[in-house]
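S.K.: Could you have a look at this structure, given as structure tokens, before my questions?
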Amino acid sequence: MISDEELVRRTLSEGSHHFGVLIQRYADYLFGLGMRLTLGNKELAEDMSQQAFMKSYTYLKSFDPQKSFKYWLTGIAVNSFKDLIEKENQYSSLKDTNEPSYTPRLEGNKDFFTLIKPLTKEEKLIFTLRYIYDYKLDEIGDFLDMKTGTVKSKISRAVEKLK
């Protein structure tokens, strides 16, 4: 199997058809991350995944091979999620209250979504990255542009809320 780093190198030197392998490799991962971050909103999870892949391709030259491609892609996905949520919040006040609202199909993740329901959006994001995807505190801090101590305290507060 060709490494992610080699596929990035080939994409940059030989053409975009090599990037398709990276998309196939990480599509399910990004969609799963998106479903958890959006609490089961399939459309928003798909948008986040697509946006993350488009941005990663656009900025592929800035990829640092010292870090894993998955780590780099996750950072882009987290930022895409934050951008989409910000846009959604911007337009939510314009919605007609008589319009039907979206109810996510929680399927196999119902217990997880019920567990994290009391958390804020930021706490849900940090909790998911830490306990579902096993990212280290400093990695989460990198994704969210926070100090490691801040991430640690936010996780602590989130866990206290869940007790």
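The values are calculated or read from the model by the stated rules, or taken from the named source; none is laboratory data. What you are looking at is a predicted structure, and each value in this text was computed from that prediction instead of being measured. No Cβ is skipped: glycine too gets one built from the backbone with ideal geometry, and neighbour counts run over all protein chains shown.
S.K.: Across the range 1-22, what is the number of residues that are exposed (fewer than 15 other Cβ atoms within 10 Å of the Cβ) and either free of Cβ contacts under 8 Å to residues at least 12 places away in the same chain or touching a Phe, Trp or Tyr at 6+ places or on another chain (Cβ under 6 Å) (or both)?
M.R.: The qualifying residues number 8.
S.K.: Could you look through the range 37-85, keep only residues that are among the charged types (D, E, K, R) and within 22 Å of Gly141 (Cα to Cα), and pick out the one that is nearest to the chain's Cα centre (by Cα)? Show your work before the answer.
M.R.: Here is the first cut: in the range 37-85, the ones among the charged types (D, E, K, R) are 42-43, 46-47, 55, 61, 64, 67, 70, 82-83.
Those left that are additionally within 22 Å of Gly141 (Cα to Cα): 55, 64, 67, 70, 82-83.
Working: Lys55: 13, Asp64: 19, Lys67: 17, Lys70: 11, Lys82: 9, Asp83: 11 Å.
Once the filter is applied, the top-ranked residue is Lys82.
S.K.: Can you tell me which residue within the range 143-163, out of those that are touching a Leu at 6+ places or on another chain (Cβ under 7 Å) and exposed (fewer than 15 other Cβ atoms within 10 Å of the Cβ), is farthest from Asp28 (Cα to Cα)?
M.R.: The qualifying residue farthest from Asp28 (Cα to Cα) is Lys161.
S.K.: Please work out if Lys67 is modelled with pLDDT of 95 or more and either among the basic types (Lys, Arg) or assigned by TED's automatic domain parsing to the domain that holds Gly141 (or both).
M.R.: no
S.K.: Let me ask something else about it. Does Lys124 count as in a helix (DSSP H, G or I), of a type in the set (Lys, Arg) and within 12 Å of the chain's Cα centre (by Cα)?
M.R.: Values: in a helix (DSSP H, G or I): yes; of a type in the set (Lys, Arg): yes; within 12 Å of the chain's Cα centre (by Cα): yes.
Taking the combined requirement at face value, the residue satisfies it.
S.K.: Does any residue of the range 129-142 turn out to be of a type in the set (Ser, Thr, Tyr), modelled with pLDDT of 90 or more, crowded, with 19+ Cβ neighbours inside 10 Å and in a helix (DSSP H, G or I)?
M.R.: No, there is no match, as no residue in the range 129-142 is of a type in the set (Ser, Thr, Tyr), modelled with pLDDT of 90 or more, crowded, with 19+ Cβ neighbours inside 10 Å and in a helix (DSSP H, G or I).
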